[in-house]
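Only one structure is covered here, and it is reproduced in the block below.
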Amino acid sequence: MKKRIGVVLSGCGVYDGSEIHEAVLTLLYLDKAGAKAICMAPDMEFDTVNHLSQEKTGETRNTLTESARIARGEIKNIKDVKSSDLDAIIFPGGFGAAKNLSNFAEKGPDAVVHSEVKRILDEMVSENKPVGAICIAPATIAKALSEKKPEVTIGSDQATASGIEGAGGKHFVCTVDEIHVDQKNKIVTTPAYMLGPGIQDIAIGIEKLVNQVISMA
């Protein structure tokens, strides 16, 4: 029986949604490990960014529709997914993880987490099921699970680390090829493009994260 691993997406593109390299590497390593990826995203509108100029376009797009591009159409609305459907869950990074899944990018420690994201995280942790988070996504995890005092890493950026600690998490410095494992809460995190510099570098940490999450599931 394949382990069922949720992959929570937040759009399509680093500046306003999921970081595509991180999302695809997550899906690749899940497949290589023999797990079944269950992609999901919230159904919401978000402000888009021109990825060539990195300027806001003034347009809005739908997170679920955009995430379906990465998932090749195989995706669920997160509100329709319960923890009983999953053995573990992983959150790739990209600014969407801190703009759409929560508003940490804007509010920092005062962020509000999307209600369905918080629900699924609360369910997973209460059932002792592992959670993985990549790049900036650990900030949203830290806020959503603040009462658990989760241990996470986003690498070594002091401003973001301070925001995470202000949100109720505990930050640990890691290099791009490392993971941090919160054994108590079963949370696994890696810096990826918070450090970079390139796809072969982030791949090392992401593969470790995926394998660790699967081993804990």
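For the reader, a short list of remarks on this structure follows.
- The distance separating the Cα centre of the stretch 102-132 from that of the stretch 27-56 comes to 17 Å.
- For the stretch 11-59, diffusion coefficient by Stokes-Einstein and Kirkwood Rh (Cα), 10 °C, 1.306 mPa s, µm²/s: 128 µm²/s
- Within the stretch 115-188, trypsin sites (Lys or Arg not before Pro) in DSSP loop having at most 13 other beta-carbon neighbours inside 10 Å: Lys184
- Intensity falloff of the stretch 55-98 expressed as log10 I(q)/I(0), Debye formula with alpha-carbon point scatterers, at q = 0.17, 0.20, 0.31 Å⁻¹: -0.65, -0.86, -1.29
- Prolate/oblate/rounded label for the stretch 26-116 (Cα gyration tensor, a/c 1.5): prolate
- Most fluctuating residue given options Glu55, Glu178, Glu127, as computed from a GNM of the chain linking Cα atoms under 10 Å: Glu55
- In this structure the amide hydrogen of Ala133, modeled in the peptide plane, comes within under 5 Å of the amide hydrogens of Phe91, Val188, Thr189, Thr190, none closer than 5 places in sequence on its chain.
- Full extension of the segment from Val112 to Arg69, taken as 0.36 nm per residue of separation minus the current Cα-Cα distance, would add 12.8 nm.
- Secondary-structure-derived ellipticity at 222 nm for the chain, considering helices only, amounts to -10000 deg cm²/dmol, per-run term -39500 (n - 2.57) for DSSP H runs with n ≥ 4.
- Extended-chain gain in nm, criterion 0.36 nm per residue less alpha-carbon gap, Lys82 and Lys170: 29.0 nm
- Whole-Å semi-axes of the ellipsoid equivalent to the stretch 4-216 (Cα gyration tensor, √5λ, descending): 21, 19, 18
- Estimated at 0.36 nm per residue, the fully extended path between Ser53 and Gln183 surpasses their Cα-Cα distance by 42.7 nm.
Here, each number is a calculation from the coordinates, and none is a lab measurement. Just so it is clear, the model here is predicted, and its values are computed rather than measured. Cβ sites come from the backbone with ideal geometry, for glycine too, and all protein chains shown count toward neighbours.
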